[in-house]
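Novice: Just dropping this structure here.
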């Protein structure tokens, strides 16, 4: 395993992705639990649960579920405009940026080519 230095919001976005995978597939519970424990150990119990119970995290989970659903539809032969998937991915980025700014009082290091 490799530990990466990433923004806190990036780590919670990754946790949200693992939560979606855990809820939609079999066998991804261990990855979710490992990530959850790692983040919690690094930022502390109180801050971790502040984020997990926040609307910011819920927004990340919901938006990641939307992206997951689009990808699954595409895999099953449904034609979806790439702009729809891109819009969902950008919404995910905006939620991640809001989480970083409002909860951790810092700018997100990740940059997108087009940001409004």
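Novice: Please find, within the range 48-64, the residue that is nearest to the chain's Cα centre (by Cα) out of those that are farther than 15 Å from residue 10 by Cα and in a helix (DSSP H, G or I).
Specialist: Checked the range 48-64; the qualifying residue nearest to the chain's Cα centre (by Cα) is 62.
Novice: Looking for something in contact (Cβ under 8 Å) with a residue 12 or more places away in the chain and assigned to a helix (DSSP H, G or I) - is there at least one such residue anywhere in the range 76-83?
Specialist: Step one: filter the range 76-83 for residues in contact (Cβ under 8 Å) with a residue 12 or more places away in the chain, giving none.
No.
Novice: Pick from the range 55-72 the residues that are surrounded by 14 or more Cβ atoms within 10 Å (Cβ to Cβ) and out of contact with any helix residue (DSSP H, G or I) (no Cβ under 7 Å at 6 or more places or on another chain): which of them is nearest to residue 93 (Cα to Cα)? Can you show your working first?
Specialist: Just the residues of the range 55-72 that are surrounded by 14 or more Cβ atoms within 10 Å (Cβ to Cβ), to begin with: 56-57, 59-70.
Narrowing the set further to residues that are out of contact with any helix residue (DSSP H, G or I) (no Cβ under 7 Å at 6 or more places or on another chain) leaves 62, 69.
Working: 62: 13, 69: 17 Å.
Only one residue tops the list, namely 62.
Novice: While we're here: (1) more than 15 Å from the chain's Cα centre (by Cα); (2) modelled with pLDDT of 95 or more; (3) part of a helix (DSSP H, G or I); (4) exposed (fewer than 14 other Cβ atoms within 10 Å of the Cβ): which one isn't true of residue 30, the others all being true?
Specialist: That leaves (2) as the condition not met.
Novice: While we're on this one: Looking at residue 45 and the list (1) under 15 Å from the mean Cα position of the chain (by Cα); (2) surrounded by fewer than 17 Cβ atoms within 10 Å (Cβ to Cβ); (3) modelled with pLDDT of 95 or more, which single condition is not satisfied?
Specialist: Checking residue 45 against (1) under 15 Å from the mean Cα position of the chain (by Cα); (2) surrounded by fewer than 17 Cβ atoms within 10 Å (Cβ to Cβ); (3) modelled with pLDDT of 95 or more, the one that fails is (1).
The values are calculated or read from the model by the stated rules, or taken from the named source; none is laboratory data. None of these values were measured; they are calculated from a predicted model. With ideal geometry, Cβ positions are generated from the backbone for all residues, glycine too; neighbour counts draw on all protein chains shown.
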